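**Q** One structure, pasted below without further comment.
The values are calculated or read from the model by the stated rules, or taken from the named source; none is laboratory data. Everything quoted here is computed from the prediction, not taken from an experiment. Counting neighbours? That spans all protein chains shown, and the Cβs are built from the backbone with ideal geometry, glycine included.
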Amino acid sequence: MNQSMIKGMAVGGLAMVVLGAGAVTGYKALQQPREAEVVAVKEVHKTVSSPQRRCENVAVNHQAPVKDPNRVAGTVIGGVAGGMLGSTIGRGDGNTLATVAGAVAGGYAGNQVQKNMQQNDVVTTTEQRCRTVQVKSQQVAGYDVRYRLNGQEATVRTSFKPGDTLPVKDGQVVLTPPPDAKS
């Protein structure tokens with residue numbers, strides 16, 4: 001055998017080993033599953049709190065504007081009534097004293113009656129009162145997915161709702177949502 005034949009056989013043998021190893025690796029890659037079977041899907045929820053403005057109309061009582069702040073009308077009417085009442089009581093000089101005393105007492109009483117009436121005189125208006133409240137709601141945070149791959153079951157959490165299968169790459173479940181996935 002000549003040397004070039006030996007070299008050719010050595011290179012050919014080496015090429016056969018490399019091609020054989022590549023074929024085994026390629027065969028194993030072809031034998032690995034491309035999908036995992038989805039066994040169960042459970043929605044995972046989270047509570048979200050968001051501020052909301054709530055307004056309501058409420059009746060509010062205000063003191064009515066006072067038309068006679070010095071209560072002149074009550075004082076005058078009370079004084080006249082008190083004076084008339086006092087004049088019926090006394091005789092002679094006592095009559096004048098009783099009339100004056102009745103007028104003073106009646107004026108004071110009339111003033112106080114008008115004061116109480118003014119304080120109780122209210123006007124009702126409607127006002128809008130607003131406040132911020134926290135409204136809680138439930139949102140889907142993800143999905144707990146139980147799947148079967150190579151006869152083994154496992155669970156992962158995804159951000160998307162899977163179909164009947166999950167893609168597998170290099171023996172691992174792919175958790176990247178597909179372009180058409182809906183969360």
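**Q** Only one of THR176, THR165 is within 26 Å of LYS42 (Cβ to Cβ), modelled with pLDDT under 90 and either in contact with a helix residue (DSSP H, G or I) (Cβ under 7 Å, 6 or more places away or on another chain) or of a type in the set (Ser, Thr, Tyr) (or both); which?
**A** Values: THR165 fails: modelled with pLDDT under 90.
Within the list THR176, THR165, the selection yields THR176.
**Q** Quickly run through the range 64-107 and pick out the residues that are closer than 30 Å to THR125 by Cβ and polar (S, T, N, Q).
**A** Going through the range 64-107, the residues closer than 30 Å to THR125 by Cβ turn out to be 64-74.
Selection gives ASN70 alone.
The rows are residues; the columns are (1) of a type in the set (Gly, Ala, Ser); (2) within 30 Å of LYS161 (Cα to Cα).
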{"position": "HIS45", "(1), (2)": "no, yes"}
{"position": "ASN61", "(1), (2)": "no, no"}
{"position": "LEU97", "(1), (2)": "no, no"}
{"position": "GLY102", "(1), (2)": "yes, no"}
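A quick yes/no check of all residues on (1) aromatic (Phe, Trp, Tyr); (2) under 30 Å from VAL60 (Cα atoms); (3) in contact with a Phe, Trp or Tyr (Cβ under 6 Å, 6 or more places away or on another chain):
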position	(1), (2), (3)
GLN112	no, yes, no
LYS115	no, yes, no
VAL122	no, yes, no
THR125	no, yes, no
SER137	no, no, no
THR158	no, no, yes
LYS161	no, no, yes
GLY171	no, no, no
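**Q** Out of curiosity, is VAL140 touching a helix residue (DSSP H, G or I) at 6+ places or on another chain (Cβ under 8 Å) and not aromatic (Phe, Trp, Tyr)?
**A** Details: touching a helix residue (DSSP H, G or I) at 6+ places or on another chain (Cβ under 8 Å): no; not aromatic (Phe, Trp, Tyr): yes.
Taking the combined requirement at face value, the residue does not satisfy it.
**Q** State all residues of the range 145-161 that are of a type in the set (A, V, I, L, M, F, W, C) and over 10 Å from VAL38 (Cβ atoms); if no residue qualifies, say none. So that I can check it myself, show each step before the final result.
**A** Narrowing the range 145-161 to residues of a type in the set (A, V, I, L, M, F, W, C): 145, 149, 154, 156, 160.
Of everything in the range 145-161, those that are of a type in the set (A, V, I, L, M, F, W, C) and over 10 Å from VAL38 (Cβ atoms) turn out to be LEU149, ALA154, VAL156, PHE160.
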